[in-house]
Each structure stands twice: as C-alpha cells, then as structure tokens.
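Student: I have a structure here, written as structure tokens, and I will follow up with some questions on it.
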Amino acid sequence: MKTFDLAVSTVREFNQALHDEKNIVTEKEWAATNPKGMHNIAVGLDADIAVDIHGHAGYFCAGMNKTAAVTIHGNAGQGVAENMMSGVVRVKGDASQAAGATAHGGLLVIEGNAGARCGISMKGVDIVVKGSIGHMSCFMGQSGSLVVCGDAGEALGDSLYEVHIYVKGTVKSLGADCIEKEMREEHIAELTGLLEKAGFDEDPSAFKRYGSARQLYTFKVDNASAY
C-alpha cells in the first residue's frame, strides 16, 4: 500500500499520484493520513484503485470519481462524491450537505447521517444512508436510487423525475410532485440488492417507496403555484 501523510505532502501531490495511475496501474491500494478536513482529496480519479482516507475530509472529497473505490474513515464535508460517474465511495461517519450531488453512476454509502440536499439533481447514482438525511434531499433527482434507513427531512424529492426513493423511518414532508407509491415485488428486489451492496442488515419490507407523481414534467398553467 502506498501511503501519503498529508501533514507532509500536499493534497495536490497526492491527487497527482492517483491520477498517474490512469493508464498503467502500478499500485492498487493507496492511503492518506492526517487529512484534517482538507478539501478536494482524491478528486477526479479514473483508475481501478482503492483509496483509504484515514480521518475527516473537507469539501468535495472523491468528487468526479470514476472506477475507484474510496473509503473515508471519518466524516465528509459538503459535496462528497459530487458528479461521481462510477465506482464506490463509502463514508464511515457523517456527510455534510449535497452528498452525491449531480452524480451519474456508481454507489455512495454513508454509514452515518447526511445533511441537507443529499442526492440533489442525482442522475443515476445509487445512494444508501444508514442514518437520516436533511431537508430538500433528492431535489430534482433524475434517475438512480436513494435509500434511507433513518428519517428524511422536509421537502423530500421536490420536483424529482424518476429516482426511486426508499425510506424506513419518518418523512417530515414531501416536496412538490413527490408522492408515496406502492412497494411492488420488483422494488423489494431492488432495495434488497442495494442494502446488500451497502452491507446494511435491514428488512426491505419495513421501507416505504416514494417517487414522482409526474405532474410537473411539462409546464401546466394550473400547476403554476407548484413550480
């Protein structure tokens, strides 16, 4: 395992070493120590490597991730795994707001709680949260799945498109055009698979499903007050 001490090396040096693995992978396992909340750690990765960050990370950790498996052994700041394309990002602690924002694919696992706007404008990513999420989560969510084993804050799924939302706990309120939907057999199967991937031992039948009522796809003057 190749280890960088971020108390000695810069985040730029660490990221450059990871980017150098894109064409020829010489080291499969990487680690960063003493991150101390630094921003932009392990961003823009495009290699089949595993990266462990031992400590708390700042803004946009593992943003734009592709293929790599990134594990944060602590909390993550705003925008963790934003615009992720593929791979796996796991946060062992809590995540701040906008976790997985605009992400197109891959799997984001948060073992603690997530702040406001979790999964905002998500475009294909699967996000699984062991704890609870904050307000306006999945706002304008387009595709993918959001699984919440705890509770959800206000305005869940506001103006969403086709994201599948599964919540085990209580939902404080639903956003515009978001409704509770029937939990059919195919949804139980999908949820079971996501929980298994995340490594969470939860009963899929205890969750409720939420999704789009499909009333705001195109502008209708009768719905003007909802936009």
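No lab work stands behind these numbers, since they all come straight from the coordinates. None of the values given here were measured: they were computed from a predicted structure. Positions of Cβ are backbone-derived with ideal geometry, glycine not excepted, and every protein chain shown enters the neighbour counts.
Student: Please list the radius of gyration and Dmax for the chain, considering alpha-carbon atoms only, with Å as the unit.
Tutor: Values for the chain (Cα only, Rg and Dmax): 17.9, 60 Å.
Student: Which of the aspartates and glutamates could a cross-linker span from LYS28 if the Cα-Cα distance has to be under 20 Å and same-chain partners fewer than 8 positions apart are dropped?
Tutor: ASP5, GLU13, ASP20, ASP46, ASP48, ASP52
Student: Return the lysines within reach of LYS208: Cα separation strictly under 23 angstrom, same-chain partners fewer than 8 residues apart disregarded; answer none if there are no such residues.
Tutor: Leaving aside lysines fewer than 8 places away in the same chain, those within reach of LYS208 are LYS123, LYS130, LYS168, LYS172, LYS181, LYS197.
Student: Another one. Which one of VAL147, GLY37, ILE72 is farthest out on the positive end of the charge dipole of region 1-151, using unit charges on Cβ (Lys, Arg +1; Asp, Glu -1) and the Cα centre as origin?
Tutor: Going by the Cα projections, it comes out as VAL147.
Student: May I ask you to give the average projected area over all directions of the convex hull of the Cα atoms of region 109-218, in nm² rounded to one decimal? Write down the numbers at each step before the final one.
Tutor: Working: hull surface 22.9 nm².
Averaged projected area of region 109-218's Cα convex hull equals 5.7 nm².
Student: Turning to a different aspect of this structure: Most mobile of ASP203, ASP94, ASP158 per a Gaussian network model of the chain (Cα springs, under 10 Å)?
Tutor: ASP203
Student: Here's something else I'd like to know. Take the chain, connect every pair of alpha-carbon atoms lying under 10 Å apart with a spring to form a Gaussian network, then pick out the residue of MET38, MET64, MET183 with the largest mean-square fluctuation.
Tutor: MET183
Student: Separate question: So for ASP201, ASP48, ASP151, fewest C-beta neighbours within 10 Å to most, what's the order?
Tutor: Values: ASP201 8, ASP48 14, ASP151 17.
Fewest to most other Cβ atoms nearby, the residues stand as ASP201, ASP48, ASP151.
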